[in-house]
Amino acid sequence: MKAKALMILITFARAFNAMNRRMNPTRSSSKSISAESLTLRSNSESANGASSRVPSLRRKRLKQEVLEPVAKDSSSSHKELCGVLPDIEDLSYKKTNLSPSRPPENWEKVLEGIRKMRSPEEATVDPVNCDRTGSFLPPKERRFYVLIGTLLSSQTKDHVTGAAVERLRLNGLLTPEAIDQADESTIRELIYPVGFYTRKATNVKKVAKICLTKYDGDIPRSLEELLSLPGVGPKIAHLVLHIAWNDVQGICVDTHVHRICNRLGWVTKPGTKQKTSSPEETRVALQQWLPKEEWVAINFLLVGFGQKICTPLRPRCGVCSISELCPSAFKETPSKSSKLKKSIKSKKL
């Protein structure tokens, strides 16, 4: 019986390799031969009573096949294999000196309409913005408070960030000295469940150490120095400059600002009519025509508008007062036929 099983396995291995050669003619025959010899060797060992080694050899073979592409391109393959989470923020930043461009038509009417819509409604971003300033603290502590709070806020809902910062404050962990002395595990527990809390706990520790050693417990005051801090990208750096140092060097562009500016047709890739593909591209394009006196207000205005009306999914175009000026109005809302299908499906269930 063992001999018969062995012959079946050998026949299967040969057929498998022949099929591989037909489907992948670019592969060298040496790989197929080596694979076949490995299969035959493992089968012969199994016939000789070494069946316990077969699973380990197969695991080894599978491991080699999985790790083979890593040797060719360790960075990209490692990300694919391990399922690496995206970065906290797109850290790419390029200083640009582009000439001003022509503002889009009716942009002032659109902005005024958004202001009027925002005034009666309170978005989730509003109450937290007051807390981010840390006005109750001395100047140096206030600036560090702003930096840590803004660092934690990335890819996290505002009420979650506010609660995390408050827990740090109640435990006396909102100064660089205190954070530097605290265990990273303690910081991690206190800031949970902010997005990427494990990585942010590590970055908060590193930032505290840098502020102590390089800036005498204060925070950097230039854009380039802020961008050099762990976990700090363009949006965070510009926002910290705005709030901590009252220094406006750029627009804070997050996913809401990026989405809405593209829906309104306010930004395009340089030399094309295509939408911008990242918040950083949006920032550069927006700064080419938006007056500087609007740079600070635009973020809070569009974030609140994006949370209440111009939402990521199913934007509320029906209640939006500027829909007649928006080229994307009603294009992302479900059609009547799709609504009808959903209602019929729900009735059947």
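Bear in mind that the values in this text are calculations on the coordinates, not laboratory data. Model, not experiment: these values are computed from the prediction. Cβ coordinates were reconstructed from backbone atoms using ideal geometry, including for glycine residues, and neighbour counts include every protein chain displayed.
Some points to look at:
- Three-way shape label, the stretch 124-245, alpha-carbon gyration tensor, a/c 1.5: rounded
- Global geometry of the stretch 183-314, whether rounded, prolate or oblate, following the gyration tensor of its Cα atoms and the 1.5 cut on a/c: prolate
- The stretch 255-325, relative contact order [Cα under 8 Å, separation at least 6], %: 29
- Exposure proxy ranking for 169, 199, based on other Cβ atoms within 10 angstrom of each Cβ and starting from the fewest, stands as 199, 169.
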